[in-house]
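Chemist: What follows is a structure written as structure tokens; I'll ask about it next.
The values are calculated or read from the model by the stated rules, or taken from the named source; none is laboratory data. Given the structure is predicted, the values throughout are model-derived calculations rather than measurements. Neighbour counts run over all protein chains shown; Cβ positions are idealised from the backbone, glycine included.
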Amino acid sequence: MSDDPDLDSAYALRTPEDSVRLYRDWAESYDADFADASAYVLHEEVARHYVLMGGFGPVLDVGAGTGLCGAALKGRGIEPVDATDISPEMLSVAAGKGVYRHLFPGNLLEGLALPDGLYQGLVSSGTFTHGHVGPDGIVPALQAVRSGGWIVLSVNAAHYQAAGFADKLQALDAAIADVTQTEVAIYGPGAQGPHAQDTALLLAFRKA
């Protein structure tokens, strides 16, 4: 893994501790050095899809990072939105944008210290990807949402195939309903570089 914070080093992460270190160093420059520079649009796609599915607040943004998806939700009239992320430094940047009601650090794969069914919906943009969270993260996400609530997760398309998301969704068949998959671009038309054409699947489903 590279010592410099960039997409390749993010994809090479192996442990939660690796994530904490990388995003601690990347937090202040993430929006300019990655999101803006790479024409990153996935957070907009997730927010748009959540609205399209009929989702409403209160919403939990998992892997909220610097607050890109939260801002996209608020811009579409979805409130209130809370945020959780493994990196306190990323959350600190997000807090400065004034889009979240509450922010708290958390590791999705260790479970979220929340009452079951606290939220009407849940979104995640860019967290279910290489080096980050696999299909096991779906179960704690479900626990945070009340019955009938919508969940919209972006999953890197290559990661979806390699990590076994299809099998996990099949195993959860009784716990979820109205499952759809929509392929979207991760980066906008002006993107360049080796990942410019990468896509993600928007997994949308309701908690049964």
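Chemist: Could you please find all residues in the range 36-45 being closer than 19 Å to Leu91 by Cα and either surrounded by fewer than 18 Cβ atoms within 10 Å (Cβ to Cβ) or among the polar types (S, T, N, Q) (or both)?
Modeler: Listed by number, the list holds a single entry, Asp36.
Chemist: Restricting to the range 166-196, give me the number of residues that are closer than 24 Å to Gly54 by Cα, of a type outside the set (Asp, Glu) and in contact with a Leu (Cβ under 9 Å, 6 or more places away or on another chain).
Modeler: Going through the range 166-196 one residue at a time, the tally reaches 11.
Chemist: Separate question: Taking the stated definitions as given, is Arg101 surrounded by fewer than 18 Cβ atoms within 10 Å (Cβ to Cβ) and within 19 Å of Ser87 (Cα to Cα)?
Modeler: Judged against the criteria, Arg101 is a match.
Chemist: Among the residues of the range 99-119, is any small (Gly, Ala, Ser) and assigned to a helix (DSSP H, G or I)?
Modeler: The answer is no; no qualifying residue exists.
Chemist: Next question, about the same structure. Need the failing condition index for Gly121 against (1) surrounded by 24 or more Cβ atoms within 10 Å (Cβ to Cβ); (2) in contact with a Ser or Thr (Cβ under 7 Å, 6 or more places away or on another chain); (3) closer than 25 Å to Asp178 by Cα; (4) not β-branched (Val, Ile, Thr), just the number.
Modeler: Condition (2) is where Gly121 drops out.
Chemist: Here is a follow-up. Please enumerate the residues belonging to the range 145-165 that are touching a Ser or Thr at 6+ places or on another chain (Cβ under 7 Å) and part of a helix (DSSP H, G or I).
Modeler: Ala157, His159
Chemist: Then there's this: So in the range 120-144, with the set limited to residues that are assigned to a strand (DSSP E or B) and within 11 Å of Leu60 (Cα to Cα), which one is nearest to the chain's Cα centre (by Cα)?
Modeler: Ser124
Chemist: Consider Leu60 carefully, then state whether it is crowded, with 23+ Cβ neighbours inside 10 Å, touching a residue at least 40 places away in the same chain (Cβ under 8 Å), among the hydrophobic types (A, V, I, L, M, F, W, C) and touching a Ser or Thr at 6+ places or on another chain (Cβ under 7 Å).
Modeler: Yes: the conditions hold for Leu60.
Chemist: How do the pairs read when you match residues in the range 66-80 that are closer than 12 Å to His43 by Cα and assigned to a loop (DSSP other than H, G, I, E, B) with residues anywhere that are at pLDDT below 95 and aromatic (Phe, Trp, Tyr), using Cβ under 6 Å and keeping only pairs 6 or more apart or on different chains?
Modeler: Thr66/Tyr30
Chemist: Can you find a residue in the range 166-189 that is among the charged types (D, E, K, R), more than 25 Å from Val81 (Cα to Cα), within 18 Å of the chain's Cα centre (by Cα) and in a helix (DSSP H, G or I)?
Modeler: Within the range 166-189, one or more residues are among the charged types (D, E, K, R), more than 25 Å from Val81 (Cα to Cα), within 18 Å of the chain's Cα centre (by Cα) and in a helix (DSSP H, G or I).
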